[in-house]
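Coordinate-derived values only; no laboratory data. Since the model is a prediction, treat every value here as computed from it, not as a measurement. Cβ coordinates were reconstructed from backbone atoms using ideal geometry, including for glycine residues, and neighbour counts include every protein chain displayed.
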Amino acid sequence: MPMSNSPMIQLDNVTVRFRIPHERIPTFQEYAIRWLKRGIRYADFNALNDISFSIDRGETVGIIGPNGAGKSTLLKVIAQVIRPTLGRVRLRGWVAPLLELGAGFDYEMTGRENVFLNGAVLGFNRQDMSQRLGRIVDFSGISDFIDAPVRTYSSGMVARLGFAVATDVQPEVLIIDEVLAVGDADFQQKSAARIREFRESGSTILVVSHSPASIKALCSRALWLERGAIRLMGSVDTVLDQYILGQPSS
Ligand SMILES: Nc1ncnc2c1ncn2[C@@H]1O[C@H](COP(=O)(O)OP(=O)(O)OP(=O)(O)O)[C@@H](O)[C@H]1O
């Protein structure tokens, strides 16, 4: 099979800027008055600041960093959920993002209906999804609840179902934001095994986790983000050893 040498994901000088009110405005009324008087002062805040890197086909890259470092923002900009303020994101594959858990779910609908809904979002029709349904429900391990509305599910159950749908459809690029931390130990093992299968079949994977151990177990490269900038990117061992050294508990 001919393989292109060009990267699967490439970011060139990506900056994501949010505009946030400078001071806390206690009520909506106060906000409206200030807005009319042009009295709201904003501060521009770069959640990502001039980020450049590329990821090749088949790489599994773990993203680590403290709270607020910009990890989720980075995944969102790669999944094209948000646009960069400056710079460019280039993608060469079909992406299945598992960002906020259950973000693609309608909580009033049943688990079964949501499988079809999620499938449609990922580009699959009803017939495709009917064929996949049994396998998805099986993997999620929530078959007893599949006809109950998702609002009755625990966050772990939502995670199981979301993960089962998004990873049944063999994406070329799989983007996973902290999903692995949600399920119980049994599900964490199952999902890690599934990610390894994707890795072996050549998918490109990006995973955010606060757990250096899960990143070590799954990834070949790691990217350490801090205050919106790359602190270090390299082999998983090099980056995590440095990262762990910098943690207050060590
Ligand atoms: N829509 C938004 N508007 C304003 N600020 C935002 C928005 N989204 C994120 N931010 C800010 O950008 C920064 C980075 O957020 P992000 O969620 O990417 O961090 P993170 O590294 O994923 O953090 P965590 O580990 O806590 O999940 C934070 O300071 C956050 O408050």
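Values computed for the structure shown
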| quantity | calculated |
| --- | --- |
| Paramagnetic reach from residue 23 (point 7 Å along Cα→Cβ, amide N under 12 Å) across segment 32-51 | 34, 39-42 |
| Helical segments meeting 18 Å axial Cα length and Kyte-Doolittle -1.0 threshold in the chain (DSSP H) | 126-140 |
| Size-normalised alpha-carbon gyration radius of segment 37-145, reference 2.2 N^0.38 Å | 1.42 |
| Prolate/oblate/rounded label for segment 9-246 (Cα gyration tensor, a/c 1.5) | oblate |
| Efficiency of FRET between residue 135 and residue 30 - r from beta-carbon atoms, R0 41 angstrom, step 0.05 | 0.15 |
| Gyration tensor (alpha-carbon) shape descriptor, segment 121-189, a/c threshold 1.5 | oblate |
| Label-reachable residues, segment 79-96, where backbone N falls under 17 Å from a point 7 Å from residue 44's Cα toward its Cβ | 83-88 |
| For the chain, built as a Gaussian network whose Cα springs stay under 10 Å, the top-fluctuating residue of 234, 58, 111 | 234 |
| Amide proton proximity set for residue 15, modelled H, under 5 Å, gap of 5+ | 50, 51, 85, 86, 87 |
| Length released on extending from residue 245 to residue 211, taking residue separation times 0.36 nm less the Cα-Cα span | 10.8 nm |
| Length-normalised contact order for the chain - Cα pairs under 8 Å, 6+ apart - percent | 26 |
| Of 121, 95, 150, the one that fluctuates the most in a GNM where the chain has Cα springs shorter than 10 Å | 121 |
